[in-house]
C-alpha cells in the first residue's frame, strides 16, 4: 500500500507553517527569556541550614557562597569534623535550592521540552 503525501498546513500567503525563519525567531525569543531569567536567578539568595539552624549558609543563584553563620555553641575544638559536616550539609542544601529553582524556571520557559522539534539545543536539555 503506497503512502499518501499529506499536504503541509499553510498560513496566509501560502507559506508552509513552521518555516525556518519562524523557528529561528522562536529560538531567539526563548534565548532572550533564558538570559533574563538567568540574570534574575543570579540575583536571588538561597539559604541552607543544618544542625537545627546551628550552621546557616547563604548562596546566590550564581552558586556563590555569600554568607556562612555558625552558632558559637557548636564550635568544639575536639570535634571539628562535626562542624565541617554541618557546614558541608548547609552549603549543599543552599546550592540544591538554587538548582531546583533554576530547573523550575527552565521548565516553565521551555514547557518541558529539552529542545524544539526534536532538536537538542544546548542549555535546554
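Quick note: the coordinates plus some simple rules give every number you see, no bench work behind them. Bear in mind the structure is a predicted one, so any value in this text is a computation, not a measurement. Every residue, glycine as well, gets a Cβ built from its backbone with ideal geometry; the counts of neighbours run over all protein chains shown.
Below is a table of values for the structure above.
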quantity	calculated
Modelled FRET efficiency - R0 30 Å, residue 42 with residue 71, Cβ distances, 0.05 increments	0.55
Theoretical FRET efficiency, 1/(1+(r/R0)^6), r = Cβ-Cβ of residue 31 and residue 92, R0 35 Å, to 0.05	0.70
